[in-house]
Amino acid sequence: MDTLIFGISGLPLGNGSTKFNYTSGIEYVKSMCLDAMELLFVRNVNVTDNNKSRILEAKLKNDFYLSAHGSHYINLNANELDKQEQSIERILKAQEGLSKVGGRSLIFHPGFYLGDSKEDAYDTIRDNLSRLPLTGVDYRLETTGKGTQFGTLEELVSLCKEVSSCKLCIDFSHIHARYNGKLKRFNDFAAILQYVSDKLGKSALEDLHIHMGGVNYNEKGERNHLPLLQSDFNYVDCLKAIRYFNVKGCIIAEGPMVEKDALLLKETFEKF
């Protein structure tokens, strides 16, 4: 991508008087000078033959970026082979739904360790990811927020090097929570982006998908999302590092105040 855009996860809140769908949500978000939305396929793929044409029309009319978050029930390291197969099917159904509306990136958590060694979990997940077809949709592996979840930055960067269909989704808030509040200042965020650049090349920073938001956590990792201003997440220094490395791509705001926090991120970034 040739710029950095900002958007929201799921549907906007508005003033509480309007119930949005994806079509009206795109129009509303664009009217706020935001340019992206992450469709939520976490429970089911809610792009259907009935609404896909309207969503695509709104996307094209507003020059809008669409991604999607895949099912929370994906585990490519499940103990049972049939559950691994079901996870692949969920990824493919989400990819198909996103393709119908011209979406670009499918984000998902690859799986859990489930008592396996990190090396064995990595090998199983890599082999399953390698089975995914090249379709024009990027499979974005998201850094995870709990120690029980596969998905450290190092694991996912390595997978992106090995599996050509996969790209990275950095969830800075997840990394912050996974390590019990590790990301405190500019250098902490800069080290992450430098690592990505060193391992995947500068081109990875020119097409990066990012999640950011307030997060509540404890020593076991992520508990729940919070509004940015009610969290200790240092979004200002995070954005400064993103500006310093001239990152391009998309930043998606997550949490209970999605469009308000997305605008806060965009307006803060534009002041640097």
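Observations, loosely collected:
- Within region 129-272, the proportion of C-alpha pairs whose separation exceeds 25 Å stands at 24%.
- With the simple model of a label 7 Å out from the Cα in the direction of the Cβ, GLN230 to ASN21 spans 3.1 nm.
- Using just its DSSP H runs of length 4 or more, each adding -39500 (n - 2.57), the chain gives a mean residue ellipticity at 222 nm of -12500 deg cm²/dmol after division by all residues.
- Whole-number percent relative contact order across region 4-270, with pairs defined as alpha carbons under 8 Å at least 6 apart: 18
- Based on C-alpha pairs under 8 angstrom that are at least 6 apart in sequence, region 1-43 has a relative contact order of 53 percent.
- Placed amide H near LYS146: partners under 5 Å, 5+ positions off or other chain: GLU222
- Comparing MET257, ASN216, VAL236 along the charge dipole axis of region 195-272, the residue lying farthest to the positive side is VAL236, per the Cβ-charge model.
- Contact order relative to length of region 37-146, as percent, for alpha carbon pairs under 8 angstrom and 6 or more apart: 29
- For trypsin sites (Lys or Arg not before Pro), the sites in region 219-270 that DSSP calls loop and that have at most 16 other Cβ atoms within 10 Å are LYS220, LYS248.
- Extension gain (nm, one decimal) between ASN46 and GLU219, 0.36 nm per residue minus Cα-Cα: 58.8 nm
- The shape of region 1-54 comes out oblate: with a ≥ b ≥ c from the C-alpha gyration tensor, a/c is at least 1.5 while a/b does not beat b/c.
- Charge dipole (Cα centre; +1 on Lys/Arg Cβ, -1 on Asp/Glu Cβ; no other charges) of the chain amounts to roughly 580 debye.
- Residues whose placed amide H lies under 5 Å from that of TYR65, excluding near-sequence neighbours: ALA36, MET37
- Proximal charge balance of ARG185 [Cβ under 11 Å; K/R count +1, D/E count -1]: +1
- Within the shell of other residues whose beta carbon sits under 13 angstrom from the beta carbon of GLU96, the net charge comes to +2, with Lys and Arg scored +1 and Asp and Glu -1.
- Pairs from the table (LYS100/LYS248; LYS30/LYS266; LYS59/LYS100) lying more than 21 angstrom apart at Cα are LYS100/LYS248.
- Counting beta carbons within 10 Å around each of LEU168, LEU153, LEU60 and listing the fewest first gives the order LEU60, LEU153, LEU168.
FYI, it's all coordinate maths here, none of it is from the lab. All values reported here derive from a predicted model rather than from experimental measurement. We place every Cβ from the backbone using ideal geometry, glycine too, and count neighbours over all the protein chains shown.
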